[in-house]
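Engineer: Quick one: this structure, given as structure tokens, is what I'll be asking you about.
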Amino acid sequence: MVNEELDLSISNSVHLIGIGGAGMGAIAEVLSSMGHIVSGSDIKDSHRLDRLRAFGIKIFIGHDSENLGEVDFVARSTAISDSNVECLEAVKNGIPLLSREKVLRGISKLKNSIAVSGTHGKTTTSSMLSLLLREAGLKPSFIIGGEVNEIGTGAVWDEGDLLVIEADESDASFLGLKRNLSIITNLEEDHLEYFGGFEALYDAFVKFGNETDGIVLLGIDDENSLRLSNEIEATTVGLNSLADWKIEIKNTTWRGSEFLLIGEKSFSLSIPIPGVHNIKNASIAAVAGIISGVEPETIKNALFSFGGVARRFEQRGNENGVVFVDDYAHLPSEVESTIEAALTGNWNRIFAVFQPHRYSRTESIGPTFSDSFRKADCVVITDVFAGGERSRSGVSGLIVFDAIREKFPNLLIHYLPDREELLDFLCSELSEGDLCLTMGAGDITSLPEDVKHRMRRLRV
């Protein structure tokens, strides 16, 4: 099976290593809903695993050779190494050991698939598209990296013919998907450790577009995507005057945005979340909806009620008059866009707390964050979230901190790698009317609750 196509139209028994991750957990839900017998393991328990248990999936906490049992194949996330005891057991017993990409490809072959790729905006665009397809009664299936707020999950297997897949470019696995519509939201430097340089990443996106068995939809509001539009045949979307579908912004505030989409059919849209980047995401989702046969009025209704995605400008409550917002932003343009969205609110000050993600990424692009925080009132940089990587000599959050301080010496900025020191600082400095904006792809997401808890404790 390793060199053959995976046939998921027949019943299989499968064990998933790293099942607690967003990507593998979504696959587990879909495989179970399709009727396959699914088990899986992870190093620690979580609320996501509780949901999988509700699907009847057998969950093992900790990795052990005896977890596998008699299965047709084993699949693993990219975070699981060859030395994992369950991987070794599969190889020892001749059980096919497959990548997440190979399983996704098997799933993608069963429906008319829409693959949503791009350096950022994939999760939000995929979620918006899935919801408007549902609003149209098309009963789509979807596999998305984040949790869609209206549904509470990033994965659904339904009876309709369409499947929306968030297509991951980090290891070029998006190239293996069978797809009838490909979406490229944008293209920026990332995953250079895997690709060895930007040009190799760029070439992968060229291949992704040219090997699509159908239409390619491309956002062209960044330099690299505009270049890409000259190498692949694509329908383009953006603020750029060259776009086939042009975006015209009417109003954007803390509470949402209103804009026009002008193309084969021109219509107005509004979304209840802030930020120009989300206007672009919604516009691409809307055009994909038009291509899929959805009427503009249905698209308008769906996007108007879009509740967002977990960790995408997610409001996390308030304490002592301080509002907390958490965002997954971990690339320079994402951070800049998130702060721009925050600026539409009426805050006394914006505290931008950022956790660099992975040593490899911090080493390769850390200095390029120098401009991203310039519009915040106070910036706090923490140490690097490893994301499964080993630490590297000379690589820390100081790379980002130094780049910002050198470019903007008058910007109020702090480097606080110690969590307790970080909590003490925020509790002493934040005051009524401030926004505390946490950003990063790691455990920074738990900081708002920690700060609020300490504020309550100090108030007693």
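The values are calculated or read from the model by the stated rules, or taken from the named source; none is laboratory data. All values derive from a computational prediction rather than experimental measurement. Cβ placement follows ideal geometry from the backbone for every residue including glycine, while neighbour counts extend to all protein chains displayed.
Engineer: For residues that are in a helix (DSSP H, G or I) and surrounded by 18 or more Cβ atoms within 10 Å (Cβ to Cβ), tally how many sit in the range 225-263.
Structural biologist: Going through the range 225-263, the residues in a helix (DSSP H, G or I) turn out to be 225-228.
Subsequent filtering for residues that are surrounded by 18 or more Cβ atoms within 10 Å (Cβ to Cβ) retains 225-226, 228.
The qualifying residues number 3.
Engineer: Within the range 351-360, can one find any residue that is polar (S, T, N, Q), touching a residue at least 60 places away in the same chain (Cβ under 8 Å) and over 14 Å from Leu437 (Cα atoms)? Let's see the steps before the verdict.
Structural biologist: If we filter the range 351-360 for residues that are polar (S, T, N, Q), which is where we start, we get 355, 360.
From what is left, the residues that are touching a residue at least 60 places away in the same chain (Cβ under 8 Å) are 355, 360.
With the extra rule that they be over 14 Å from Leu437 (Cα atoms), the set shrinks to 360.
Taking every residue of the range 351-360 in turn, at least one turns out to be polar (S, T, N, Q), touching a residue at least 60 places away in the same chain (Cβ under 8 Å) and over 14 Å from Leu437 (Cα atoms).
Engineer: Looking at Ile404, Ile365, Ile381, which is the one that is more than 28 Å from Arg255 (Cα to Cα) and under 24 Å from the mean Cα position of the chain (by Cα)?
Structural biologist: Values: Ile404 fails: under 24 Å from the mean Cα position of the chain (by Cα); Ile381 fails: more than 28 Å from Arg255 (Cα to Cα).
Among Ile404, Ile365, Ile381, only Ile365 is more than 28 Å from Arg255 (Cα to Cα) and under 24 Å from the mean Cα position of the chain (by Cα).
Engineer: Taking the conditions exactly as written (in contact (Cβ under 8 Å) with a residue 60 or more places away in the chain, over 25 Å from Lys300 (Cβ atoms) and among the β-branched types (Val, Ile, Thr)), does Val91 satisfy them or not? Reasoning before the result, please.
Structural biologist: On the way: in contact (Cβ under 8 Å) with a residue 60 or more places away in the chain: no; over 25 Å from Lys300 (Cβ atoms): yes; among the β-branched types (Val, Ile, Thr): yes.
Against the criterion (in contact (Cβ under 8 Å) with a residue 60 or more places away in the chain, over 25 Å from Lys300 (Cβ atoms) and among the β-branched types (Val, Ile, Thr)), Val91 does not qualify.
Engineer: Looking only at residues that are in a loop (DSSP other than H, G, I, E, B) and in contact with a helix residue (DSSP H, G or I) (Cβ under 9 Å, 6 or more places away or on another chain) in the range 311-324, which one is farthest from Ala285 (Cα to Cα)?
Structural biologist: Going through the range 311-324, the residues in a loop (DSSP other than H, G, I, E, B) turn out to be 311-313, 320-321.
Keeping just the survivors that are in contact with a helix residue (DSSP H, G or I) (Cβ under 9 Å, 6 or more places away or on another chain) gives 311-313, 320.
Numbers: Arg311: 19, Arg312: 16, Phe313: 18, Asn320: 38 Å.
Among those that are in a loop (DSSP other than H, G, I, E, B) and in contact with a helix residue (DSSP H, G or I) (Cβ under 9 Å, 6 or more places away or on another chain), it is Asn320.
Engineer: Is it the case, given these coordinates, that Asp326 is touching a residue at least 12 places away in the same chain (Cβ under 8 Å), surrounded by 24 or more Cβ atoms within 10 Å (Cβ to Cβ) and in contact with a Ser or Thr (Cβ under 8 Å, 6 or more places away or on another chain)? Give the derivation first.
Structural biologist: Working: touching a residue at least 12 places away in the same chain (Cβ under 8 Å): yes; surrounded by 24 or more Cβ atoms within 10 Å (Cβ to Cβ): yes; in contact with a Ser or Thr (Cβ under 8 Å, 6 or more places away or on another chain): yes.
Answer is yes for this residue.
Engineer: Continuing with this model, one more query. Taking Ile381, is it touching a residue at least 60 places away in the same chain (Cβ under 8 Å), closer than 19 Å to Pro356 by Cα and touching a strand residue (DSSP E or B) at 6+ places or on another chain (Cβ under 6 Å)? Let's see the steps before the verdict.
Structural biologist: Values: touching a residue at least 60 places away in the same chain (Cβ under 8 Å): no; closer than 19 Å to Pro356 by Cα: yes; touching a strand residue (DSSP E or B) at 6+ places or on another chain (Cβ under 6 Å): yes.
So Ile381 does not fit the description; no.
Engineer: Now, a different point. When you scan the range 151-224 for strands (runs of 3 or more DSSP E) that lie fully inside it, which ones turn up with 2 or more residues that are among the small types (Gly, Ala, Ser) and surrounded by 18 or more Cβ atoms within 10 Å (Cβ to Cβ)?
Structural biologist: 153-156
Listed here are the residues, each with its yes/no results for (1) out of contact with any Leu (no Cβ under 9 Å at 6 or more places or on another chain); (2) of a type in the set (Asp, Glu).
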site: Leu52; (1), (2): yes, no
site: Glu66; (1), (2): yes, yes
site: Val74; (1), (2): no, no
site: Asp82; (1), (2): no, yes
site: Ala90; (1), (2): no, no
site: Gly94; (1), (2): yes, no
site: Val103; (1), (2): no, no
site: His120; (1), (2): no, no
site: Ser126; (1), (2): yes, no
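Engineer: Can you name the residue in the range 202-238 that is within 23 Å of the chain's Cα centre (by Cα) and of a type in the set (Asp, Glu) and is also farthest from Glu189 (Cα to Cα) among such residues?
Structural biologist: Only one residue fits best here, namely Asp221.
Engineer: Going residue by residue through the range 268-277, is there one that turns out to be in a loop (DSSP other than H, G, I, E, B) and either outside the structural domain of Asp190 (by TED's automatic domain parsing) or small (Gly, Ala, Ser) (or both)?
Structural biologist: Step one: filter the range 268-277 for residues in a loop (DSSP other than H, G, I, E, B), giving 272-275.
If we keep only those that are either outside the structural domain of Asp190 (by TED's automatic domain parsing) or small (Gly, Ala, Ser) (or both) too, we end up with 275.
Yes, the range 268-277 contains at least one residue that is in a loop (DSSP other than H, G, I, E, B) and either outside the structural domain of Asp190 (by TED's automatic domain parsing) or small (Gly, Ala, Ser) (or both).
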